[in-house]
Amino acid sequence: MEYEAVIGLEVHVQIKTESKMFTRAPAGYGHEPNTLTDPVVLGMPGTLPVMNKRAIDQIIKAGLMLGCDIAPVCKWDRKNYFYPDSPKNYQISQYDRPICIGGQLEIELPGPSRNVMGEHKFIHLTRIHLEEDVGKLNHVENDSLVDYNRAGTPLMEIVSEPDMHSGEEAYAYLTALRQIMVQGGISDCDMEKGQLRCDANISVRPKGVDTLGVKVELKNLNSISGVRNGIDYEIKRQIKTIQSGGQVVQETRRWDAEAGAATLMRTKEMAHDYRYFPDPDLMPVRVDQDWLQNLRATLPELPFERQRRYFDSFDLPYTVTSVLVPDRRLAEFFEEAVDECGEPKAVANWIANDLLRELSAGGIGIEDSKLRPAHIAGLVKLVKDGAISNNIAKEVFIAMFESGRRPEEIVEEKGLKQSSDTGELAGICNEVIGANPKSVEDYKAGKQNAINFLKGQVMKATKGKANPHIVDQILREELDKLA
Amino acid sequence: MAETLHYRTATELGRDLESGAVSSEEIVRALIERTRAVEDTVGAFLSCDEDDALARARESDERRARGERRGPLDGIPVGIKDILAVEGQPLTCASRMLANFVSPYDATAIRKLKATGAVPWGRLNMDEFAMGSSTENSSVKITANPWNPECIPGGSSGGSAACVAAGEAPLSLGSDTGGSIRQPAALCGVVGMKPTYGLVSRYGLVAFASSLDQIGPFARTVEDAALLLQAVAGHDDRDSTSFKTEIPDYRRELSQRRGPWKLGIPKEYFGEGVDPEVEKAVRAAIEFYRSEGCEIVDVSLPHTEYAIGVYYIIATAEASSNLARYDGVRYTHRSKEAADAIDLYFKSRAEGFGPEVKRRIILGTYVLSSGYYDAYYLKAQKARTLIRKDFLDACRKVDAILTPTTPAPAFRKGEKADDPLRMYLNDIFTSSGNLAGIPGISIPCGFSESGLPIGLQILGRPFEEAELLAIAHRFEQAHDYHTRHPDLT
């Protein structure tokens, strides 16, 4: 029998804010343990939470980008459970009135090859809600130490519908989600820093059957490839269990990326009763149309929409768009240059080939580069106007990248300007013709290629500065005169 | 004057300071002397940083010498219930759980109080985590009713009420979740007010039941209570439930609001279950208002009978969650016997909490549990809405509602300690005020034959504290109960 897996993901994304969700203590990563705290973060007796509006701005932006309905009123609930990383032993979260409802995420599956676009599909979302992150336990020998730096950081939980069917789809989902969150400025989504964390609900069923099988929750999927591997492992385990006559049991399992296997964490019977109830310390939040309108105005274009625009308006090939689009800064760099010079294909090529190569060689990001969009636009214009050849342009590019100087300046200073002076070039052409009778004969004998050799000689004599079109034209005219 | 300094009101002390008849340091020294004399009997204080109080008193005197005065309470000591955070001072909630906890920050009410120049004065006894009606649930000590040391002072703010009644402080702050200010005020013969929910910031008030808790003043006169309320009231951006509202000048309003008022008498608060002496004193108070030209009308609060049940569901549900943070991991009592993390929770909490706190945590955990939430918590919230509606409807017809504060005067120590249900009934007339979120004040309105004080409760519309204070003030002006003091010699 053939089986089909059904997968839903619960993704936690840490929201980027200056301060924590309920107090002015700063949020951050990589600081001395327990320095990003205050009495509120530590849950000291008598302290109260006060909502950070910026955190709500951010989750609304995320919701709008994912096509969610934004609830006009949402409220805050306490999720009660004991764990040493939780300062209050309850987490402020949203239970039955989340801020974002529904929505969908467009994903792209791998194509038949890297150069060919893969299938796109939409994964539906159930909801997105806002909650506070907890601290972190560090186990050393016989002790467990708690660091509350992370505690109280705003966190959103993005819950998908069970719309995925393979580890590959889950991988594509996380990739697409991460791009949107990073491009929207919602989160840096660095999985190593715990800014994006993923749990998966996985079940299998015979193909063609509508009802869902018993689901297993898989936790600790802490890298994007871990998500793919962990899910595929769990699918295989469930199919094997069923095929060998067993039954899948509802339970929570923990993925161990190093071992490449998952182990049992808890069974259904051990599940918590979180005793959710509305947090009496916080008022419900009303989101009006003005608030939404203001946030909508700040949203960037979604990556796949941008890609489609690049196909439609700029006629760029898939391979180039798939380099530009995933990185918003690169895409905006590209568009700024195009705005200045009106040559999308040339600009895209400079970025995709030369700029990325130099950035990677220099080990820097585009934001640290001295090269700005105007440089590339200027360079493209110089080539287009015939002022420099493509080969010279490569040289100018390196100089611009290293110095941050304008291309016109570099061309001027190094005397790289292409010669289009027909009088001067005619003289050189005639000299070359005179010095290469063999080639002239070949040409006259009908070997069109012979002209290329002569052209090369002219370029050599002019140190590459001659306009190749004009040289071609002069050579043909002069040779035809000899005929 | 020195021998009676400890029974001078805050208003009188303010005048004394103004005229130079006394210094703040002398006031504090007089109170130190007074507490030394009566604390063995009263037992209102859990601790008292006398040096800190003296230092603050001297600062106030220096300010005054420079011609500065921060407000009418500058230099006046204010006793603090040990549930309000004062930076650098113990914050124990009378619990073993927080026996060694020192607050790293000031509650907003304390910050405001310090800004007026008032002197925080001692840490006052209470029922553990404010859970109780007799202060017998303190893990540290039993506080006596100054009018009869065999009796309890009420609770949970028993220390706050007793110290004011005993002349150990002119003023004190307490907290009221189901009557914890008004009930001990009534039983100790002092003025105690629970403001409207949201008037005083709860930041720095250790939470028992977040949707019910309010900080409020104890004093020997209504005018003094008005002064203290003035100092702590007002919006705070550290408390999302604090209300943005204009704060009137309460003391000035006392004489400007002259009635005559239309006063409602709810039949549900009289008759069966009310001690005849209490009923008689309260009826006499009602007749006083009638004689002052007030219109007395019957009002009905039909959902009163559900108040205690609703209160003990909502308050315990919130408490079960609020008290979860006391777990042995950070700043609390930590069991030395624990084998692992789970065991640390069990043992630390078993050792750190007293029986009443445990009872309420278990109750609250139960009513929030899956399968019981709808039947208990959700239903209680609906009933709460009806109780609030009762009051708001009644207050559309009348300016205020008069009731007994408690069904009976102070009872003997130990009398109800083993019967939680009987103990809970002490809150029967006060807890609905918390459920409705409305303000209430208790003032002395008489004494029982055995010499125990009786309290009159005046309930009013949200944020109409000025009206309640004026109504209370009128009664006080025509009676001398507030000038009587217990014999503690």
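Can you work out which of the residues in the stretch A:447-483 that are more than 48 Å from the chain's Cα centre (by Cα) and open to solvent by 50 Å² or more (accessible area, probe 1.4 Å) is modelled with the lowest pLDDT?
A:ALA483
Filter the helices (runs of 4 or more DSSP H) completely within the stretch A:265-331 down to those with at least 3 residues that are within 23 Å of A:TYR173 (Cβ to Cβ), in contact with an Asp or Glu (Cβ under 7 Å, 6 or more places away or on another chain) and not polar (S, T, N, Q).
none
Checking B:PHE243 against (1) within 11 Å of chain A (Cβ to nearest Cβ); (2) closer than 28 Å to B:LEU98 by Cα, which test does it fail?
Status for B:PHE243: all satisfied but (2).
Testing B:GLU246 on (1) in contact (Cβ under 8 Å) with a residue 24 or more places away in the chain; (2) part of a loop (DSSP other than H, G, I, E, B); (3) open to solvent by 10 Å² or more (accessible area, probe 1.4 Å), one condition comes back false. Which one is that?
(1)
Filtering the stretch B:287-309 down to residues that are surrounded by fewer than 17 Cβ atoms within 10 Å (Cβ to Cβ) and touching a Leu at 6+ places or on another chain (Cβ under 9 Å), which residue is nearest to B:ARG360 (Cα to Cα)?
B:PRO302
Taking into account only those residues within the stretch A:285-318 that are surrounded by 12 or more Cβ atoms within 10 Å (Cβ to Cβ) and touching a strand residue (DSSP E or B) at 6+ places or on another chain (Cβ under 7 Å), which is nearest to the other protein chains (Cβ to nearest Cβ)?
A:VAL285
Answer with yes or no whether A:VAL227 is in a loop (DSSP other than H, G, I, E, B), assigned by TED's automatic domain parsing to the domain that holds A:LYS193 and touching a residue at least 12 places away in the same chain (Cβ under 8 Å).
No, not satisfied.
Going through the stretch B:91-119 one residue at a time, which ones are over 26 Å from B:LYS336 (Cβ atoms) and open to solvent by less than 10 Å² (accessible area, probe 1.4 Å)?
Listed by number, the residues that qualify are B:ALA107, B:THR108, B:ALA109, B:ILE110, B:LEU113, B:GLY117, B:ALA118, B:VAL119.
Taking A:ARG54 and the conditions (1) of a type outside the set (Asp, Glu); (2) outside any helix (DSSP H, G or I); (3) without any contact (Cβ under 8 Å) to a residue 40 or more places away in the chain; (4) more than 14 Å from chain B (Cβ to nearest Cβ), which numbered condition does it fall short on, given that it satisfies the others?
(2) is the only condition that A:ARG54 fails.
Just to check your reading of the model, which residue among B:GLU253, B:GLU292, B:GLU223, B:GLU246 is in the same structural domain as B:THR9 (by TED's automatic domain parsing) and within 15 Å of B:ALA400 (Cβ to Cβ)?
Only one candidate qualifies: B:GLU253.
Would you point out the residue of the stretch A:25-59, among those that are within 20 Å of A:LYS88 (Cβ to Cβ) and hydroxyl-bearing (Ser, Thr, Tyr), that is most open to solvent (accessible area, probe 1.4 Å)?
Only one residue tops the list, namely A:THR35.
Identify, by number, the condition in (1) open to solvent by 40 Å² or more (accessible area, probe 1.4 Å); (2) acidic (Asp, Glu); (3) under 17 Å from the mean Cα position of the chain (by Cα) that B:ASP213 doesn't meet.
(1)
So, B:PRO170, is that one within 29 Å of B:ARG474 (Cβ to Cβ), touching a residue at least 60 places away in the same chain (Cβ under 8 Å) and either open to solvent by less than 10 Å² (accessible area, probe 1.4 Å) or not hydrophobic (A, V, I, L, M, F, W, C) (or both) or not?
Spelling it out, B:PRO170 is indeed within 29 Å of B:ARG474 (Cβ to Cβ), touching a residue at least 60 places away in the same chain (Cβ under 8 Å) and either open to solvent by less than 10 Å² (accessible area, probe 1.4 Å) or not hydrophobic (A, V, I, L, M, F, W, C) (or both).
If the requirement is being within 28 Å of A:VAL182 (Cβ to Cβ) and among the charged types (D, E, K, R), which of these qualifies: A:ARG275, A:ARG205, A:ARG254, A:ARG266?
Being within 28 Å of A:VAL182 (Cβ to Cβ) and among the charged types (D, E, K, R) holds for just one of A:ARG275, A:ARG205, A:ARG254, A:ARG266, which is A:ARG254.
Can you tell me which of B:ALA472, B:ALA394 is over 22 Å from the mean Cα position of the chain (by Cα), open to solvent by less than 10 Å² (accessible area, probe 1.4 Å) and either in contact (Cβ under 8 Å) with a residue 24 or more places away in the chain or not assigned by TED's automatic domain parsing to the domain that holds B:SER201 (or both)?
Answer to the check: B:ALA394.
Among the numbered conditions (1) over 21 Å from A:ALA297 (Cα atoms); (2) under 32 Å from the mean Cα position of the chain (by Cα), tell me where A:GLY63 comes up short.
Answer for A:GLY63: the failing condition is (1).
In the stretch A:60-91, what residues are farther than 24 Å from A:LEU145 by Cβ, more than 8 Å from every other protein chain (Cβ to nearest Cβ) and open to solvent by less than 20 Å² (accessible area, probe 1.4 Å)?
Of everything in the stretch A:60-91, those that are farther than 24 Å from A:LEU145 by Cβ, more than 8 Å from every other protein chain (Cβ to nearest Cβ) and open to solvent by less than 20 Å² (accessible area, probe 1.4 Å) turn out to be A:ILE60, A:ALA62, A:GLY63, A:MET65, A:LEU66, A:CYS68, A:ALA71, A:CYS74, A:TRP76, A:ASP77.
Only residues that are closer than 25 Å to A:THR17 by Cα and in a loop (DSSP other than H, G, I, E, B): list them for the stretch A:119-171, please.
Residues satisfying the conditions are A:ASP133, A:VAL134, A:GLY135, A:TYR148, A:ASN149, A:ARG150, A:ALA151, A:GLY152, A:THR153.
Take the residues in the stretch B:82-110 that are away from every other protein chain (no Cβ under 12 Å) and touching a residue at least 40 places away in the same chain (Cβ under 8 Å), then tell me which one is nearest to B:LEU124 (Cα to Cα).
B:ALA94
Given the conditions (1) modelled with pLDDT of 95 or more; (2) open to solvent by 10 Å² or more (accessible area, probe 1.4 Å); (3) not hydroxyl-bearing (Ser, Thr, Tyr), report the number of the one that A:MET1 does not fulfil.
Condition not satisfied by A:MET1: (1).
Name the single residue that is nearest to the other protein chains (Cβ to nearest Cβ) among those in the stretch B:337-389 being within 19 Å of B:SER139 (Cβ to Cβ), crowded, with 19+ Cβ neighbours inside 10 Å and small (Gly, Ala, Ser).
Filtering the stretch B:337-389 for residues that are within 19 Å of B:SER139 (Cβ to Cβ), crowded, with 19+ Cβ neighbours inside 10 Å and small (Gly, Ala, Ser), the one nearest to the other protein chains (Cβ to nearest Cβ) comes out as B:SER348.
Give the number of residues within the stretch B:17-31 that are assigned to a helix (DSSP H, G or I) and either surrounded by 18 or more Cβ atoms within 10 Å (Cβ to Cβ) or hydroxyl-bearing (Ser, Thr, Tyr) (or both).
Total meeting the criteria: 9.
Which of the residues spanning the stretch A:174-226 are open to solvent by less than 50 Å² (accessible area, probe 1.4 Å), among the hydrophobic types (A, V, I, L, M, F, W, C) and within 19 Å of A:PRO303 (Cβ to Cβ)?
A:LEU174, A:ALA176, A:LEU177, A:ILE180, A:MET181, A:ILE186, A:CYS189, A:MET191, A:LEU196, A:ILE224
For the stretch A:133-144, does any single residue satisfy the condition of being modelled with pLDDT of 95 or more and out of contact with any Asp or Glu (no Cβ under 6 Å at 6 or more places or on another chain)?
Looking for residues that are modelled with pLDDT of 95 or more and out of contact with any Asp or Glu (no Cβ under 6 Å at 6 or more places or on another chain), one finds at least one in the stretch A:133-144, hence yes.
Does B:GLY154 count as in the same structural domain as B:GLY71 (by TED's automatic domain parsing), touching a His at 6+ places or on another chain (Cβ under 9 Å), part of a loop (DSSP other than H, G, I, E, B) and not acidic (Asp, Glu)?
No, not satisfied.
Can you tell me which of (1) buried (at least 17 other Cβ atoms within 10 Å of the Cβ); (2) modelled with pLDDT under 95 is the one B:LYS267 doesn't meet?
(1)
The values are calculated or read from the model by the stated rules, or taken from the named source; none is laboratory data. In this text the structure is predicted, and so the values were computed from the model without any measurement. Glycine gets a Cβ as well: all are built from the backbone with ideal geometry, and neighbour counts include every protein chain shown. Quick note on the areas: whole protein, heavy atoms, side chains included, nothing else; ligands and nucleic acids left out. Shrake-Rupley method; radii C 1.70, N 1.55, O 1.52, S 1.80 Å.
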